[in-house]
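One structure is given here, and the rest of the page talks about it.
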Amino acid sequence: MVQGVAQDADAALLAGRCAIVAMPGLALGAALARGLRRHGARVVEIDVAPGSRADAEAAIGDATREAGGADLVVHAGATPAALASRPLEALSAEQWHSAVHRSMLTSLYFLQAVHRQQREAGGATVVVGPSTALVGAAGLVALITLAEAQRTLVKSAARQWGRHGMRLNWVGVGAQRYAPSLADAALPPTPELGPPPPALGRVPEAEAEVADVIAWLGSDGARGVTGASFNLDGGDWMVP
């Protein structure tokens, strides 16, 4: 059962706002979309990864028209190759290209398309990644490199596009929330606590607590927040 923050229709954080969730290939997207609807947003999901900037602009443009706007865009991008666990010394150039380069291009294309929609009226963008990116994980070098590159892209874009009223932030979630297949990956134990559970005794639910924070980031209450990283893993990794 989804808990989260109960919302009165008139007091919902995203009442009257339009959100686009672009997380092709990740089940996380559907959960976050449901959570954002609970906060009053009209949500449109994009489930196909763009092969070019033109594809991304078309997809974001279509979603914007369907939703009635693009006040909040939530994105995560990782190809199946990026989610595969492989030893660093065994990674081939093609595997690296498929896991990191292609996934990174998806994020770049989507952010460029979002800029086209938000540069006049402003808006909020949240990029989601695995919180393990902040500490690293054996066997997941490609995914961790990708996630940190996306986080850096968010900070750079936030600095450049702030003058347009655009706010961009990064949210890290527990690895198993990001992709269920990562539950069996060789994730490092928390040094001071040993193996899981995290400090709160659980990993925050995507549809509940994670969606609550993302809804806040898309609301007026977070109008002074940009370029920030939020770690929503229940206190597993208390960084940065």
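Per this entry, ARG159 is counted among residues that are of a type in the set (Lys, Arg) and farther than 23 Å from GLU207 by Cα.
Of the residues making up the range 43-68, those that are in contact (Cβ under 8 Å) with a residue 40 or more places away in the chain and either in contact with a Gly (Cβ under 8 Å, 6 or more places away or on another chain) or of a type in the set (S, T, N, Q) (or both) are ALA49, SER52, THR64.
Just one residue in the set GLY77, GLY16 is open to solvent by 10 Å² or more (accessible area, probe 1.4 Å) and not in a helix (DSSP H, G or I); that residue is GLY16. Would you check if there is a residue in the range 96-112 being open to solvent by 40 Å² or more (accessible area, probe 1.4 Å), at pLDDT below 95 and assigned to a helix (DSSP H, G or I)? Among the residues of the range 96-112, at least one is open to solvent by 40 Å² or more (accessible area, probe 1.4 Å), at pLDDT below 95 and assigned to a helix (DSSP H, G or I), which makes the answer yes.
Test GLY61 against the stated conditions and say whether it is at pLDDT 95 or above, surrounded by fewer than 17 Cβ atoms within 10 Å (Cβ to Cβ), in a helix (DSSP H, G or I) and not acidic (Asp, Glu).
Numbers: at pLDDT 95 or above: yes; surrounded by fewer than 17 Cβ atoms within 10 Å (Cβ to Cβ): yes; in a helix (DSSP H, G or I): yes; not acidic (Asp, Glu): yes.
Yes.
Matching residues to (1) touching a helix residue (DSSP H, G or I) at 6+ places or on another chain (Cβ under 8 Å); (2) under 21 Å from LEU108 (Cα atoms); (3) of a type in the set (A, V, I, L, M):
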site: LEU14; (1), (2), (3): yes, no, yes
site: ALA22; (1), (2), (3): yes, yes, yes
site: GLY35; (1), (2), (3): yes, no, no
site: HIS39; (1), (2), (3): yes, no, no
site: ARG42; (1), (2), (3): yes, no, no
site: GLU45; (1), (2), (3): yes, yes, no
site: VAL48; (1), (2), (3): yes, yes, yes
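Against the definition (modelled with pLDDT of 80 or more and within 14 Å of ALA41 (Cβ to Cβ)), how does ASP233 come out, yes or no? Before the answer, list the steps.
Numbers: modelled with pLDDT of 80 or more: yes; within 14 Å of ALA41 (Cβ to Cβ): no.
No; evaluated as a whole, the condition is false for this residue.
The values are calculated or read from the model by the stated rules, or taken from the named source; none is laboratory data. Predicted model, so just to flag it, every value in this text is computed and none were measured. FYI the Cβ positions are ideal-geometry reconstructions off the backbone, even for glycines, and counts take in every protein chain you see. Surface areas here come from the heavy atoms of the whole protein model, side chains and all, with no ligands, DNA or RNA. Shrake-Rupley method; radii C 1.70, N 1.55, O 1.52, S 1.80 Å.
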